[in-house]
Amino acid sequence: MAADLGGSALWLAANDVEGRWVICERGLSTVELQKVRSLYCATKPMVAMGVLALLERHGVDWTTAHVDAHGQIRDDGPWAVSDLVAHRTPLVRPTFWEVLRLPLGSAESELAARAVRAAVAPGGAVGTSEVLAWFVLARAAARVAGEVWARELQAALRAASGPRLWLVPDRELLDLPVDVMATLTADRGGTDVPLVYALSVRSRALTSPYLGGYGSFAAVVSWFQALHRHLRGDTAASLFPRADRLRDELAAASAHAEHGGSPVALGLETAGGRDGRQRLGLQVAGGALSVEMDPATGVIVAVLGSRFFDDPQRRRRWLARERSGAREWARRIGFEVGW
Amino acid sequence: MTAGPAFGRALRDLLGRTVFPLGLPPLPVSLHLAVVVPDDPDSGLGVLLGPGWTVSTTDLSPGLVHDAVLAAPAALVWGILTGVADPGLATVHGSLTGSLVGQSALALLVEAVSGTFDDRWGA
């Protein structure tokens with residue numbers, strides 16, 4: 001039986017100068033890891049589980065509930081709540097990028113209209129929903145608990161993961177200078193170019209549970225640690241649905257994935273590790289961070305991707321500084337590393 | 001400001017005075033952007049974003065593949081760039097197009113030129 005390590009976080013940096021993986025940080029205190037970033041889809045599992053927990057507290061069985069375009073829970077609703085959080089609906093458009101550039105103040109009405117159109121004309125290919133399924137889920141939460149639900153979920157997440165996490169904008173987020181914020185990048189002719197628009201005050205003002213949030217990589221890993229504690233029995237009813245239902249849903253997604261289905265459940269990717277045990281994970285900011293958790297042991301592997309550092313010299317120095325002692329720590333927690 | 005002989009000069013002057021926020025991540029390549037004004041074809045111009053986020057305006061170059069293009073009538077272009085009209089209007093009707101990288105830079109350019117962030121999103 002694997003030892004329970006209580007949500008230990010192991011930071012790795014992929015693809016260092018020799019092409020190996022190197023453990024960089026086992027704590028959560030470095031400036032880089034606390035830097036505010038556009039997390040976007042990385043907050044989707046936080047929102048999914050928070051909303052499902054909210055529905056449970058209001059007596060809704062989310063495993064069977066259906067919802068309509070206005071967020072009303074009803075038996076004849078066009079979408080199952082459990083499908084919304086698993087990318088199993090045709091609510092594929094608009095993309096995140098399309099919503100980010102809508103005129104200010106129009107995102108809510110545009111998405112509401114799109115949801116209504118999708119409900120009256122069901123069908124279409126099922127696929128990844130960057131925004132609309134999460135918008136419907138957010139409406140369901142508002143129907144059940146009022147518009148204040150998002151701020152309450154944000155407060156609960158901050159209590160578990162630290163103060164640097166936003167699902168809704170406030171003055172502090174809008175006032176953050178761009179020089180403390182990392183960004184997404186996209187390829188242009190083989191060169192990574194920053195997607196600077198994600199840094200603008202306007203984009204920050206559009207922060208929402210359905211579009212995505214801002215926060216630190218440390219907050220993301222802290223959330224995984226809270227998830228493990230919840231699965232282990234230290235219930236966090238404001239953040240996660242009942243642990244037994246959560247386990248069932250994640251196990252079903254893993255089994256589904258083995259037969260070629262979607263491996264996503266509650267916003268998390270589910271897969272089997274090399275040891276045959278289940279892993280839960282997600283990708284942050286286009287590969288800047290990958291997080292993978294072994295729910296059996298609580299080991300969390302956070303891999304900083306090549307896009308984490310914008311300066312290769314800085315990356316090399318950081319890796320060199322942290323290399324000492326890394327192998328020993330990996331050996332001590334029994335984690336298999338490929339180097 | 002509407003289409004006419006003075007429009008092109010005013011457009012160049014406005015874009016030439018662009019001030020980006022401090023602290024932007026390095027721009028490792030130059031990006032070629034363009035503003036196209038269908039009702040005033042003589043007023044269109046190119047914008048070269050260079051490393052260091054330098055901005056220089058140029059004549060439109062028909063043979064050049066641009067990273068992104070803002071194409072809209074003169075009144076809308078002027079309204080967006082002066083903060084009178086919402087920058088989102090440049091995209092909602094498909095008038096801002098290009099690569100993801102190009103659109104990102106051009107969208108930020110539009111917001112930097114209009115300079116109305118805090119007026120719109122005060123506490």
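Per residue of B:20-29, count partner chain C-beta atoms within 10 Å of its C-beta, then hand back the mean as an integer. Let's see the in-between values first.
Details: counts 2, 7, 3, 6, 7, 14, 4, 4, 7, 6.
For this peptide, the per-residue mean of nearby foreign Cβ atoms is 6.
Less than 5 angstrom separates the built amide H of A:Gly127 from those of A:Thr89, A:Leu91, all sequence-distant by 5 or more or on a different chain. Annotation: amide H of A:Leu289 within the under-5 Å range of A:Val284, A:Gly305, sequence separation 5 or more or interchain, hydrogens built in the peptide plane. Sequence-distant contacts, meaning Cα pairs under 8 Å at least 6 residues apart, place the relative contact order of region B:5-115 at 27 percent.
The mean number of Cβ atoms from other chains found within 10 Å of a Cβ in peptide B:97-107 is 6, as a whole number.
Could you sort the peptides B:93-105, A:45-57 by per-residue average Cβ neighbour count (10 Å cutoff), highest mean leading?
Details: B:93-105: 20.0, A:45-57: 23.8.
Most protected by this proxy first, the peptides run A:45-57, B:93-105.
Centre-to-centre, using Cα atoms only, region B:25-71 and region A:208-237 are separated by 42 Å. Once you sort the root eigenvalues of the Cα gyration tensor of region B:5-115 as a ≥ b ≥ c, which label holds: rounded (a/c under 1.5), prolate (a/b larger than b/c) or oblate (the other case)? Here region B:5-115 falls in the rounded category.
Between the amide H of A:Gly213 and those of A:Leu39, A:Tyr40, A:Thr43, distances stay under 5 Å, these residues lying 5 or more places away or on another chain, with hydrogens modeled in the peptide plane.
Remark on region A:112-211: ratio of C-alpha radius of gyration to 2.2 N^0.38 Å is 1.33. Computed from point charges on the beta carbon alone (+1 for Lys and Arg, -1 for Asp and Glu), the dipole magnitude for region A:135-248 about its Cα centre is near 320 Debye.
Peptide A:202-213 shows a mean partner chain C-beta count of 2 within 10 Å per residue C-beta. Screening chain B for whole DSSP H helices with an alpha carbon extent of at least 15 angstrom along the helix axis and a mean Kyte-Doolittle hydropathy of at least -1.0 yields B:5-16, B:100-114. Remark: region A:101-117, residue by residue, has Karplus-estimated 3J(HN,Hα) of 10, 5, x, 4, x, 9, 4, 4, 5, 5, 5, 4, 5, 5, 5, 5, 4 Hz, where x stands for each Gly or Pro and the curve is 6.51 cos²θ - 1.76 cosθ + 1.60 at θ = phi - 60°. Measuring nothing but how far apart in sequence close Cα pairs (under 8 Å, 6+ apart) lie, relative to its length, region A:132-219 scores a relative contact order of 37 percent.
Under a point-charge model restricted to the Cβ atoms of Lys and Arg (+1) and Asp and Glu (-1), what is the dipole moment magnitude of region B:5-115 relative to its Cα centre, in debye to the nearest 20? Before the final figure, lay out the partial values.
Numbers: 3 positive and 8 negative charges, 43 e Å.
Taking the Cα centre of region B:5-115 as origin, the dipole is about 200 debye.
Readers should treat all values here as calculations from the given coordinates under stated rules, not as data from a laboratory. The structure displayed is predicted, hence computed values, not measured ones. Cβ: placed from backbone, ideal geometry, glycine included. Neighbour counts: every protein chain shown.
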